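Peer 1: Sending over a structure as structure tokens; questions will come in a sec.
The values are calculated or read from the model by the stated rules, or taken from the named source; none is laboratory data. Just so we're clear, the structure is a prediction, and the values are computed from it rather than from any experiment. Cβ sites come from the backbone with ideal geometry, for glycine too, and all protein chains shown count toward neighbours.
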Amino acid sequence: MTLLPTMDQTRKLCEVACSDVTVGADALLGAANGGWAPLARVLDRATVALCAEMCGGAQKVLDMTMEYAKIRIAFGKPIGSYQGVKHKAADMLVDVENAKSLTYYAAWAVDENVPEAALAASMAKAYASDAFRKVAGAGIQLHGGIGFTWEHDLHLYFKRAKSSEFTFGDSTYHRERVAQLINL
């Protein structure tokens, strides 16, 4: 097992290499040559769980940014009173709420094992990946220089957004999967 270097140092990733391993027939996942179906369900569940984590991270970034916009004064007024900040905050809120909605639906779909569960998981992952990255980036912009310093936690959310974006497939992968699942 080898620890891998990562952008998000709060989540450790390792490479596991196996050699000269013998596995008995009783250790098969599912029926012979049929292991992908149960593994795919596990991956969809893990993907939706990651979407839920991304929604929580995006919500926290939004909350931190709104609190900061209320107390940071520029030109004699809180920065939250300026139209440019308000519009950016509104876009952040829309991204967070849409990601939550898709994730809630995907969680229900995989829990109930409905036929469109894979589709719902991929729609949620494609959207939540982009939303968390965009919200984290906007949060850093609205915080200014302090947003990416070690003294502020916001950089940790940005790094988590970037690493989660690629875990279990990035947005491009999941959009392609959605297209295939709807026969495009």
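Peer 1: When you scan region 1-43, how many residues do you find that are part of a loop (DSSP other than H, G, I, E, B), farther than 30 Å from LEU154 by Cβ and out of contact with any Pro (no Cβ under 7 Å at 6 or more places or on another chain)? Break it down into steps so the answer makes sense when it comes.
Peer 2: Keep residues of region 1-43 that are part of a loop (DSSP other than H, G, I, E, B), which gives 1, 5-12, 16-24, 28-35.
Cutting the leftovers down to farther than 30 Å from LEU154 by Cβ gives us 1, 16-24, 28-35.
Adding the requirement that they be out of contact with any Pro (no Cβ under 7 Å at 6 or more places or on another chain) leaves 1, 16-24, 28, 31-35.
Number satisfying all stated conditions: 16.
Peer 1: While we're looking at this one, here's another question. Taking interchain pairs and intrachain pairs at least six residues apart, which have beta carbon atoms under 9 angstrom, with the first residue in region 84-97 and more than 10 Å from ALA131 (Cα to Cα) and the second outside any helix (DSSP H, G or I) and not hydroxyl-bearing (Ser, Thr, Tyr)?
Peer 2: Once the first residue is more than 10 Å from ALA131 (Cα to Cα) and sits in region 84-97, its partners that are outside any helix (DSSP H, G or I) and not hydroxyl-bearing (Ser, Thr, Tyr) give VAL85/PRO78.
Peer 1: Among the candidates LEU43, LEU4, LEU29, single out the residue that is in contact with a strand residue (DSSP E or B) (Cβ under 9 Å, 6 or more places away or on another chain), of a type in the set (A, V, I, L, M) and within 20 Å of PHE168 (Cβ to Cβ).
Peer 2: Numbers: LEU43 fails: in contact with a strand residue (DSSP E or B) (Cβ under 9 Å, 6 or more places away or on another chain); LEU29 fails: in contact with a strand residue (DSSP E or B) (Cβ under 9 Å, 6 or more places away or on another chain).
It is LEU4.
Peer 1: Right, here's the next one. Can you name every residue in region 101-149 that is among the aliphatic types (A, V, I, L, M) and either in contact with a Pro (Cβ under 7 Å, 6 or more places away or on another chain) or surrounded by fewer than 16 Cβ atoms within 10 Å (Cβ to Cβ) (or both)?
Peer 2: The first filter runs over region 101-149 and keeps only residues among the aliphatic types (A, V, I, L, M), leaving 102, 106-107, 109-110, 114, 117-121, 123-124, 126, 128, 131, 135-136, 138, 140, 142, 146.
Selection gives VAL114, ILE146.
Peer 1: Something else about it: If VAL114 meets every condition in (1) under 28 Å from LYS159 (Cβ atoms); (2) over 19 Å from the mean Cα position of the chain (by Cα) apart from one, which number is that one?
Peer 2: (1)
Peer 1: Does any residue in region 44-62 that is more than 15 Å from LYS159 (Cα to Cα) come within less than 9 Å, Cβ to Cβ, of a residue that is surrounded by fewer than 17 Cβ atoms within 10 Å (Cβ to Cβ) and at pLDDT 95 or above six or more places away or on a different chain, and which pairs are these?
Peer 2: What qualifies is ARG45/ASP111; VAL48/ASP111; ALA52/TYR104; LEU62/LEU93.
Peer 1: If you go through region 150-166 one residue at a time, how many are polar (S, T, N, Q), in contact with a helix residue (DSSP H, G or I) (Cβ under 7 Å, 6 or more places away or on another chain) and surrounded by fewer than 18 Cβ atoms within 10 Å (Cβ to Cβ)? Please lay out each step first, then the result.
Peer 2: In the first step, residues of region 150-166 are kept if they are polar (S, T, N, Q); the result is 163-164.
Checking the rest, the ones that are also in contact with a helix residue (DSSP H, G or I) (Cβ under 7 Å, 6 or more places away or on another chain) come to 164.
Within this subset, residues satisfying the condition of being surrounded by fewer than 18 Cβ atoms within 10 Å (Cβ to Cβ) are none.
Looking only at that region, the number is 0.
Peer 1: Could you please let me know if VAL96 is crowded, with 18+ Cβ neighbours inside 10 Å and over 20 Å from LEU43 (Cβ atoms)? Lay out the reasoning, then the answer.
Peer 2: On the way: crowded, with 18+ Cβ neighbours inside 10 Å: yes; over 20 Å from LEU43 (Cβ atoms): yes.
So VAL96 passes the test.
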